[in-house]
Amino acid sequence: MDSPGWLTAPPPFLFFTGKGGVGKTSLAAATAVALADLGRRVLLVSTDPASNLGQVFGLEIGREKLEVPGAPGLSVWNIDPEGAAAAYRERVLGPVRDALPADLVAQMTEQLSGACTTEIAAFDEFTALLTEPRWREEFDHLIFDTAPTGHTLRLLALPAAWSSFLAGNQHGASCLGPLSGLNAQRERYEAAVAALADPARTVLVLVSRPERTALAEAERTRAELARLGIGNQRLVVNAVLAATQWHDPLAHAMAGRHARALAEMPTQLAALPGDRVPLRAQNAVGLDALRRLLAPGLEVSPGPPEAALESQPLPDLATLVDDLAAPGHGLVMVMGKGGVGKTTIAAALAVELAARGFPVHLTTTDPAAHVAQTIAGEVPNLTVGRIDPQAETAAYRERVLATQGKHLDADGRALLAEDLRSPCTEEVAVFHAFSKVLLESTRRFVVLDTAPTGHTLLLLDAAGSYHREVKRGFGDRVKNLTTPMMRLQDPAQSKILIVTLAETTPVLEAAELQRDLRRAGIEPWAWVINSSLAAAHPSEPLLVRRALAERDQIELVRTQFAQRLALVAWQAEEPVGHERLRRLVHSQEVREPLVRA
């Protein structure tokens, strides 16, 4: 591997974005370390609600920037959405708290308590980094480890979206409450748009894996960014396994899959300037591993490992389906960090339930929406749908204008229409569609492939806000109602499956997701460890080392996190189509790895 192209004359702003789980945090961190080693002053910032920068560096990273020991010149910072939201609310409410009636202040506080305000507040800090001169005076480079693709596209679209919304809204109110705080930032938002689109200041690094779905998502991102006027992009394909000399069918199958995916990538994506980063034996955790990740000339396959794999049985997906099928209906919600295979697991569970004769609706809230491609054909008893944010938002706007706007005068309808153009409207619209899916699960199985973790938690936050609103409105009568959050909290109606990989960062993020769910009163029903190399029994040395590294993570999940656990082996054939999905469910001889020195 030669030195990465994006490290040649890097601009002040570098964004690393892509489908969750492709390694953008690792590459962003490795880039920050490499530039700091060259004597540059670097700030590495995460805008991901599910940030794992702390795990990568082994540090407790809070709301203030932190210098990294062992890497002079490098500082790291997580934009804390909740902390940013609290500060934002105080900026808006502080000046008026003593000047307005208490009931009006309470109403404003409620308006500023939703998930959309949290996103706008975090975005406010993000735009400051792009536009305030003090950051450029303190640092030579600002590197952004962005959230999974759907959230990132929304974030990058917000400067234009809010500039447009503020230009048209003359009434001073929105779902965020008073617009004075936003109007004050209008010039900053316009400057942020200009910085993002300027190739002299910004490069967007699209990170992908050598997999068909990941490259398709990278192409979707490329096209969306181009439509936003951001053409200064380059492609990095991470974790590529080249042809191997070892007589290991698993290694040859993996190298073949990688080569085919690269050869068949979309034409416009392939035309971007790009780099390929080889698969490494160790995970990119700690400064030493980060420095090796981008080191030129490092051999792909290390020598034979000093340990061998032994095994003992662990359940496969079929065991979980036996228990899921017992009630005859219900919601099966598949959650986890993007890139861990949620869509594949959700599709496999839906196909298996349908094969057992149950009516099943497989749907998704994920903007990437790959469920139909994963099924790849019609399956008896199975319908496939999608909660499309754009379609749901358009329908919601029409419905509100036809009902709430029916008896308004022209000025009133204009005000309502302006308010519905706010980007916050999408969250409300998606929540309404989500509520319908929950009701449908009382009659048949609904398997819900959720969006990447940060977006999903926004969805659940909306469910919780609705639950609190119902309780306030109905008082004691709420005992006779069933709200969406109540359905999610009832294990007889909803079963939450957390999908992860047997790697340090995905397990830590899945554990954090479980803690968030528990704070909302939702107990995960089972964990699924997907694409386990150890369960596939490789013999190629690099893959064996990666398989050995899985052991501690599988044991951690089994003993500390999961009430139920299924282990799914890495598949030599891509699990697309109902036959391969059923083979994945009924995988035989799936075993937990143990190490024998």
Q: Can you work out which of the residues in segment 3-51 that are out of contact with any strand residue (DSSP E or B) (no Cβ under 8 Å at 6 or more places or on another chain) and at pLDDT below 80 is surrounded by the fewest Cβ atoms within 10 Å (Cβ to Cβ)?
A: SER3
(Q) If I ask for residues that are more than 14 Å from ALA29 (Cβ to Cβ) and under 25 Å from the mean Cα position of the chain (by Cα), which ones from segment 69-86 would you list? (A) ILE79, ASP80, PRO81, GLU82, GLY83, ALA84, ALA85, ALA86
Q: Might you let me know whether segment 385-399 holds any residue that is under 20 Å from VAL371 (Cβ atoms), basic (Lys, Arg) and either part of a helix (DSSP H, G or I) or touching a residue at least 12 places away in the same chain (Cβ under 8 Å) (or both)?
A: yes
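Quick one: how many residues across segment 64-105 are part of a loop (DSSP other than H, G, I, E, B), under 22 Å from PHE123 (Cα atoms) and open to solvent by 60 Å² or more (accessible area, probe 1.4 Å)? Break it down stepwise before answering.
Initially, segment 64-105 is screened for residues part of a loop (DSSP other than H, G, I, E, B), giving 64-65, 68-73, 79-80, 97-101.
Subset that is under 22 Å from PHE123 (Cα atoms): 64-65, 79-80.
Filter once more, keeping what is open to solvent by 60 Å² or more (accessible area, probe 1.4 Å): 64-65.
The total comes to 2.
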Q) Between residues in segment 181-205 that are open to solvent by 30 Å² or more (accessible area, probe 1.4 Å) and modelled with pLDDT under 90 and residues that are assigned to a loop (DSSP other than H, G, I, E, B) and basic (Lys, Arg), which pairs lie under 9 Å by C-beta distance while being six or more apart or on different chains? A) ALA194/ARG201
Q) On the given criteria, is PHE144 modelled with pLDDT of 90 or more and either in contact with a helix residue (DSSP H, G or I) (Cβ under 8 Å, 6 or more places away or on another chain) or farther than 17 Å from LEU196 by Cα (or both)? A) yes
Q: Take segment 367-384 and flag every residue that is touching a Gly at 6+ places or on another chain (Cβ under 7 Å) and either free of Cβ contacts under 8 Å to residues at least 40 places away in the same chain or on the phi > 0 side of the Ramachandran plot (or both).
A: ALA376, GLY377, ASN381
Q) Quick one: how many residues across segment 185-219 are of a type in the set (D, E, K, R), in contact with a Ser or Thr (Cβ under 7 Å, 6 or more places away or on another chain) and either more than 14 Å from GLY18 (Cβ to Cβ) or part of a loop (DSSP other than H, G, I, E, B) (or both)? A) 3
Q: Could you tell me whether segment 225-237 includes any residue that is among the polar types (S, T, N, Q), over 19 Å from ALA261 (Cβ atoms), in contact with a Ser or Thr (Cβ under 7 Å, 6 or more places away or on another chain) and at pLDDT 90 or above?
A: yes
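Would you mind stating whether LEU415 is farther than 30 Å from ALA325 by Cα, open to solvent by less than 60 Å² (accessible area, probe 1.4 Å) and part of a helix (DSSP H, G or I)? Write out each step before concluding.
Working: farther than 30 Å from ALA325 by Cα: yes; open to solvent by less than 60 Å² (accessible area, probe 1.4 Å): no; part of a helix (DSSP H, G or I): yes.
Answer is no for this residue.
For segment 239-274, what are the residues that are open to solvent by less than 30 Å² (accessible area, probe 1.4 Å) and within 24 Å of the chain's Cα centre (by Cα)? I'd like the intermediate steps shown before the answer.
Just the residues of segment 239-274 that are open to solvent by less than 30 Å² (accessible area, probe 1.4 Å), to begin with: 239-241, 244, 248, 250-251, 253-256, 258, 261-262, 265, 269.
Result: ALA239, VAL240, HIS258, ALA261, LEU262, MET265, LEU269.
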Q: State all residues of segment 480-509 that are over 19 Å from GLN563 (Cβ atoms), surrounded by 18 or more Cβ atoms within 10 Å (Cβ to Cβ) and among the β-branched types (Val, Ile, Thr); if no residue qualifies, say none.
A: THR483, THR504, THR505
**Q.** GLU555 vs. criteria part of a helix (DSSP H, G or I), within 22 Å of the chain's Cα centre (by Cα) and farther than 17 Å from HIS252 by Cα
**A.** no
Q) Considering only segment 7-49, how many residues are more than 16 Å from GLY73 (Cα to Cα) and assigned to a helix (DSSP H, G or I)? A) 5
Q) Does GLY405 meet the test of being without any contact (Cβ under 8 Å) to a residue 12 or more places away in the chain and more than 30 Å from GLU352 (Cβ to Cβ)? A) no
Q.
Can you pull out every residue in segment 551-570 that is over 14 Å from ILE498 (Cα atoms) and either at pLDDT below 90 or of a type in the set (Phe, Trp, Tyr) (or both)?
A. ARG551, ASP552, TRP570
Q. Any idea how many residues of segment 418-443 are over 26 Å from LEU362 (Cα atoms) and either open to solvent by 90 Å² or more (accessible area, probe 1.4 Å) or in a loop (DSSP other than H, G, I, E, B) (or both)?
A. 4
Q | Candidate set: segment 354-375, residues that are open to solvent by 20 Å² or more (accessible area, probe 1.4 Å), in contact with a strand residue (DSSP E or B) (Cβ under 8 Å, 6 or more places away or on another chain) and not in a loop (DSSP other than H, G, I, E, B); chosen: the one modelled with the lowest pLDDT | A | ALA372
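Which residues, counting only those in segment 481-506, are under 29 Å from GLU60 (Cβ atoms) and either modelled with pLDDT of 90 or more or among the polar types (S, T, N, Q) (or both)?
Taking segment 481-506 as the starting set, the residues that turn out to be under 29 Å from GLU60 (Cβ atoms) are 496, 498-506.
Selection gives ILE496, ILE498, VAL499, THR500, LEU501, ALA502, THR504, THR505.
Can you tell me which residue in segment 571-597 is modelled with the highest pLDDT, limited to those that are of a type in the set (A, V, I, L, M, F, W, C), surrounded by 18 or more Cβ atoms within 10 Å (Cβ to Cβ) and not in a helix (DSSP H, G or I)? I'd like the intermediate steps shown before the answer.
To start, the set of residues in segment 571-597 that are of a type in the set (A, V, I, L, M, F, W, C) comprises 572, 576, 581, 584-585, 590, 594-595, 597.
If we keep only those that are surrounded by 18 or more Cβ atoms within 10 Å (Cβ to Cβ) as well, we get 576, 581, 584-585, 590.
Of the ones still in play, those that are also not in a helix (DSSP H, G or I) are 576, 590.
Details: VAL576: 85, VAL590: 45.
Out of the qualifying residues, it is VAL576.
The values are calculated or read from the model by the stated rules, or taken from the named source; none is laboratory data. A quick note: this is a predicted structure, and the numbers were derived from the prediction, not measured. Backbone-built Cβ (ideal geometry, glycine too); neighbour counts: all protein chains shown. Note: accessible area is taken over every heavy atom of the protein model, side chains too, but ligands, DNA and RNA are not part of it. Shrake-Rupley method; radii C 1.70, N 1.55, O 1.52, S 1.80 Å.
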